[in-house]
Amino acid sequence: MEVRFKICLLFVCTFQMAAAQNFRSVTVQPSSAIWQLGSSETLRIGFDDLNDEQITLRYRLQHCNPDFTPSGLREQETVAGINEVNILDNELSFNTRTNYVHYSFSFPPAEARPRVSGNFLIQIYDVDYPSKYLLEIPVRVYEDLTRFEASVGAPRRVEYSKTKQELQVTAQVNQSLPITNTANVLLLVRQNQNVRTARQIPLTSSNGNYLEFRYEDALIFDGLNEYRNFDIRPLTYTAYGVFSNELRGDTRHITLYTDKSFLGFEYASTDDINGQYVIKAAGQSNSDSEADYVMVHFTLESAFIPNADVYVMGDFTQWQSSPEYKMTYDAGRGEYLLDLPLKQGFYDYTYDVVRNGGSTSQDDFIFFGNTFYETENTYFLYLYYRPPGGVAHRLIGYRQISSRK
């Protein structure tokens with residue numbers, strides 16, 4: 001399926017995304033992208049189309065398994081109403097050097113509300129080409145049926161005590177949903193919004209609806225480091241993380257300070273937003289349509305790393321190892337380089353060394369970032385259950401916990 005910008009979950013919350021040359025700055029608020037079934041609250045979703053041509057967009061909801069592959073449920077079982085919703089809110093950029101159209105909508109819409117919990121893909125398409133999805137945005141719908149007892153602390157194993165964090169997790173499921181088949185229980189845990197850290201936690205024991213997850217290795221995460229960040233909300237001066245800010249022709253170029261490896265350094269507490277980004281133009285009242293796009297230049301000082309690729313990663317890249325975010329190596333300068341067009345705002349980012357090992361690859365966020373047990377991280381817990389005879393998992397519990405109380 002050819003798309004301009006596609007997000008799909010292939011395995012335990014590890015996303016793959018096609019190169020996106022037109023659709024950018026996808027935001028979901030709240031950023032957790034989760035909605036309680038039956039709630040009156042909504043998520044607000046927005047994105048830009050740099051084609052600078054208003055088109056009529058619609059979206060439909062696709063119910064999915066925990067890995068975001070299509071579930072076995074029929075559309076009539078998962079969505080109440082007409083599952084084709086027009087995106088009516090759109091506005092042309094105003095007083096910007098880069099022209100774009102900003103689209104926004106609320107989830108769930110009144111026309112098509114989820115009947116069941118679980119994972120959903122919001123599949124956006126041009127009304128003239130309904131079978132070609134331009135953008136797929138993952139969201140989760142949960143039922144508040146689980147009380148978690150969960151905490152994060154330093155690992156009990158001495159060799160990990162300075163570099164990793166260990167979770168303790170138990171879950172008490174409401175008696176209205178008897179857990180009669182523990183083989184169909186699935187707990188996913190993710191560190192911050194980084195889908196590449198997500199993993200399935202084995203169930204170690206149960207007593208009726210009381211579930212214990214105490215599999216030590218699966219519950220130990222690298223603490224990693226606080227995120228690097230930069231501020232491009234103002235364009236009239238150089239803000240935090242910016243080395244130079246200049247206008248070349250009709251494009252503004254933002255060069256960040258050269259980054260270096262944090263290996264060998266002690267932990268230093270710095271402010272970050274756990275890998276997220278915020279769209280905002282200083283001095284403007286409506287950043288959705290008045291924030292401009294600039295060319296941001298990333299520079300990473302390093303010797304060449306054989307059999308590996310280096311990527312800039314954060315929420316703004318959807319944590320993808322796609323060609324758009326892959327850095328190129330300049331042997332003469334001894335640096336990895338990447339240029340990215342980004343919308344004005346505040347951005348967290350990190351570097352991922354993706355080691356190529358035959359048919360598989362392995363992420364390494366420690367190579368340039370280091371790892372510390374003191375790092376502030378938020379962990380997202382998702383408890384899924386497929387009742388006996390059911391064909392799809394319900395999302396029956398959700399919680400966030402922090403490594404700092």
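The values are calculated or read from the model by the stated rules, or taken from the named source; none is laboratory data. All figures in this text were calculated on a predicted structure; none of them were measured in a lab. Positions of Cβ are generated from backbone atoms using ideal geometry, with glycine treated the same way; all protein chains shown enter the neighbour counts.
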(Q) Show the residue pairs meeting these rules: Cβ distance below 7 Å; 6+ apart or different chains; first residue within the stretch 82-102 and over 30 Å from Glu246 (Cα atoms); second residue surrounded by fewer than 14 Cβ atoms within 10 Å (Cβ to Cβ). (A) Ile82/Glu111; Asn83/Glu75; Val85/Glu111; Asn90/Gln54
Q: Could you tell me whether the stretch 104-126 includes any residue that is over 30 Å from Gln400 (Cα atoms), part of a strand (DSSP E or B) and of a type in the set (Asp, Glu)?
A: yes
Q.
Exactly one condition in (1) part of a loop (DSSP other than H, G, I, E, B); (2) modelled with pLDDT of 95 or more; (3) touching a strand residue (DSSP E or B) at 6+ places or on another chain (Cβ under 9 Å) is false for Gln193; which is it?
A. (2)
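Taking the condition of being more than 30 Å from Asn99 (Cβ to Cβ) and either touching a helix residue (DSSP H, G or I) at 6+ places or on another chain (Cβ under 7 Å) or not polar (S, T, N, Q) (or both), how many residues in the stretch 258-284 meet it?
Adding up the residues that qualify gives 12.
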(Q) If I go through the stretch 56-84 residue by residue, how many of them are under 30 Å from Asp292 (Cβ atoms) and β-branched (Val, Ile, Thr)? (A) 1
Q.
Could you check the stretch 358-405 and list, in sequence order, the residues that are basic (Lys, Arg) and under 19 Å from the mean Cα position of the chain (by Cα)?
A. Arg399
Q: Select from the stretch 229-272 the residues that are β-branched (Val, Ile, Thr) and touching a Ser or Thr at 6+ places or on another chain (Cβ under 9 Å) and write down the one among them that is nearest to Asp364 (Cα to Cα).
A: Thr258
Q.
So if I check each of Ala239, Ala218, which one is without any contact (Cβ under 8 Å) to a residue 12 or more places away in the chain, among the aliphatic types (A, V, I, L, M) and either in contact with a Pro (Cβ under 6 Å, 6 or more places away or on another chain) or surrounded by fewer than 20 Cβ atoms within 10 Å (Cβ to Cβ) (or both)?
A. Ala239
Q | Residue count for the stretch 358-405, restricted to those that are over 18 Å from Ile273 (Cβ atoms) and either among the basic types (Lys, Arg) or in a strand (DSSP E or B) (or both) | A | 18
Q. Strands (runs of 3 or more DSSP E) wholly in the stretch 203-244 with at least 3 residues that are touching a Phe, Trp or Tyr at 6+ places or on another chain (Cβ under 6 Å) and among the small types (Gly, Ala, Ser) - which ones?
A. none
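Report the residue count in the stretch 274-318 for those that are in a strand (DSSP E or B) and either more than 20 Å from Val242 (Cα to Cα) or free of Cβ contacts under 8 Å to residues at least 12 places away in the same chain (or both). First the steps, then the outcome.
Filtering the stretch 274-318 down to residues in a strand (DSSP E or B) leaves 277-279, 293-301, 308-313.
Checking which are either more than 20 Å from Val242 (Cα to Cα) or free of Cβ contacts under 8 Å to residues at least 12 places away in the same chain (or both) leaves us with 308-310.
The total comes to 3.
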Q) Given the structure, is Glu159 outside the structural domain of Ile273 (by TED's automatic domain parsing), crowded, with 17+ Cβ neighbours inside 10 Å and of a type in the set (Asp, Glu)? A) no
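Each row is one residue, and each column tells you yes or no for (1) outside the structural domain of His63 (by TED's automatic domain parsing); (2) at pLDDT 95 or above; (3) of a type in the set (S, T, N, Q).
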| residue | (1), (2), (3) |
| --- | --- |
| Arg113 | no, yes, no |
| Ser117 | no, yes, yes |
| Phe120 | no, yes, no |
| Tyr125 | no, yes, no |
| Ile137 | no, yes, no |
| Gly153 | yes, no, no |
Q) Within the stretch 99-125, restricting attention to residues that are within 20 Å of Arg74 (Cβ to Cβ) and in contact with an Asp or Glu (Cβ under 6 Å, 6 or more places away or on another chain), which residue is surrounded by the fewest Cβ atoms within 10 Å (Cβ to Cβ)? A) Gln123
(Q) Taking the condition of being polar (S, T, N, Q) and either assigned to a loop (DSSP other than H, G, I, E, B) or without any contact (Cβ under 8 Å) to a residue 24 or more places away in the chain (or both), how many residues in the stretch 245-260 meet it? (A) 2
(Q) Among the residues of the stretch 138-146, are any among the basic types (Lys, Arg), farther than 30 Å from Glu266 by Cβ and under 21 Å from the mean Cα position of the chain (by Cα)? (A) yes
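Does Ser269 satisfy the criteria of being in contact with an Asp or Glu (Cβ under 9 Å, 6 or more places away or on another chain), farther than 19 Å from Asn192 by Cα, of a type in the set (Gly, Ala, Ser) and in contact (Cβ under 8 Å) with a residue 60 or more places away in the chain?
Against the criterion (in contact with an Asp or Glu (Cβ under 9 Å, 6 or more places away or on another chain), farther than 19 Å from Asn192 by Cα, of a type in the set (Gly, Ala, Ser) and in contact (Cβ under 8 Å) with a residue 60 or more places away in the chain), Ser269 does not qualify.
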**Q.** Leu263 being in the same structural domain as Arg233 (by TED's automatic domain parsing) and in a strand (DSSP E or B)
**A.** no
Q) Quick one: is Glu166 surrounded by 13 or more Cβ atoms within 10 Å (Cβ to Cβ), in contact (Cβ under 8 Å) with a residue 40 or more places away in the chain and closer than 30 Å to Ile179 by Cα? A) yes
Q. Can you name the residue in the stretch 33-65 that is free of Cβ contacts under 8 Å to residues at least 60 places away in the same chain and surrounded by fewer than 19 Cβ atoms within 10 Å (Cβ to Cβ) and, of all such residues, is farthest from Gln344 (Cα to Cα)?
A. Gly38
